[in-house]
Ligand code: AMP
């Protein structure tokens, strides 16, 4: 199996599990959210337009995202497949992706709306290596020191605030949820109970992946 796709609401643990699975199975991790944040930070092409959508919690128009993905996939490091985290996020993006990649396996991270809010508002990450933590249930082992790289610098995402969360959940319900039926009908599709602990979710994913 060449490609893995994680879909699910914001805060459902896609990023955390992508980091784990990508490392464990040596599959390149392609996080579209991280890519967009980097473009905005560097002031690259389209950074103002991207910021406009991201700060409001809206999806960036697919024309822009699809071009970005297509260009990114030209990089040789993705030639044997990758783990898509946060893409596709709408049926039109999925149709586009189907045209440019071969087989894929899809995991849907199922999480209730009440848990989404708590997870997003508690989320922070290491500024140095990007490891993701959460104030409610996944803090560094040593206070204020990253477990993986020992950095003492952490950051909260600008769009992880109450107002934006509501909009992001709305976008998810209206644009991304239809993807579930789209993929269920077409692909190897697995639903993961994302309310479980980080370790339990990792084990569920590995269980499925080792059978493929
Ligand atoms: P994420 O880090 O995946 O939560 O994404 C952060 C923000 O980036 C989202 O709220 C959107 O504004 C934008 N974004 C990420 N992925 C996509 C996508 N596939 N399509 C459109 N916008 C996206």
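The values are calculated or read from the model by the stated rules, or taken from the named source; none is laboratory data. Being a predicted model, the structure only gives us computed values, none of them experimental. No Cβ is skipped: glycine too gets one built from the backbone with ideal geometry, and neighbour counts run over all protein chains shown.
For segment 119-140, filtering for residues that are under 28 Å from residue 62 (Cα atoms) and not in a strand (DSSP E or B) leaves 5. Evaluate the following for residue 123: is it within 25 Å of residue 25 (Cβ to Cβ), within 11 Å of the ligand (Cβ to nearest atom) and modelled with pLDDT under 95? Spelling it out, residue 123 is indeed within 25 Å of residue 25 (Cβ to Cβ), within 11 Å of the ligand (Cβ to nearest atom) and modelled with pLDDT under 95.
Residues of segment 100-116 that are within 16 Å of the ligand (Cβ to nearest atom), more than 15 Å from residue 179 (Cα to Cα) and not in a loop (DSSP other than H, G, I, E, B): 100, 113, 115, 116. Does residue 130 qualify as being surrounded by fewer than 19 Cβ atoms within 10 Å (Cβ to Cβ), within 14 Å of the ligand (Cβ to nearest atom), within 25 Å of residue 168 (Cβ to Cβ) and in contact (Cβ under 8 Å) with a residue 40 or more places away in the chain? Taking the combined requirement at face value, the residue satisfies it. Look at segment 61-99 and say how many of its residues are near the ligand (Cβ under 8 Å from one of its atoms), in contact (Cβ under 8 Å) with a residue 60 or more places away in the chain and outside any loop (DSSP other than H, G, I, E, B). Qualifying residue count, segment 61-99: 1.
For residues that are touching a residue at least 40 places away in the same chain (Cβ under 8 Å) and not in a loop (DSSP other than H, G, I, E, B), tally how many sit in segment 141-169.
Filtering segment 141-169 down to residues touching a residue at least 40 places away in the same chain (Cβ under 8 Å) leaves 157-169.
In the following step, the residues that additionally are not in a loop (DSSP other than H, G, I, E, B) were identified as 162-169.
Matching residues across segment 141-169 total 8.
Scanning segment 33-60 for residues that are in a helix (DSSP H, G or I) and in contact (Cβ under 8 Å) with a residue 40 or more places away in the chain, we see that the one that is nearest to the ligand (Cβ to nearest atom) is 33. Can you spot a residue in segment 25-32 that is in a helix (DSSP H, G or I), within 11 Å of the ligand (Cβ to nearest atom) and in contact (Cβ under 8 Å) with a residue 12 or more places away in the chain? Yes, segment 25-32 has at least one match. Among the residues of this structure, residue 12 counts as one that is closer than 20 Å to residue 194 by Cα, within 11 Å of the ligand (Cβ to nearest atom), in a loop (DSSP other than H, G, I, E, B) and in contact with a strand residue (DSSP E or B) (Cβ under 7 Å, 6 or more places away or on another chain). Mind listing whichever residues of segment 178-196 are more than 20 Å from residue 94 (Cβ to Cβ) and over 17 Å from the mean Cα position of the chain (by Cα)? Once the filter is applied, which keeps residues that are more than 20 Å from residue 94 (Cβ to Cβ) and over 17 Å from the mean Cα position of the chain (by Cα), segment 178-196 yields only 196.
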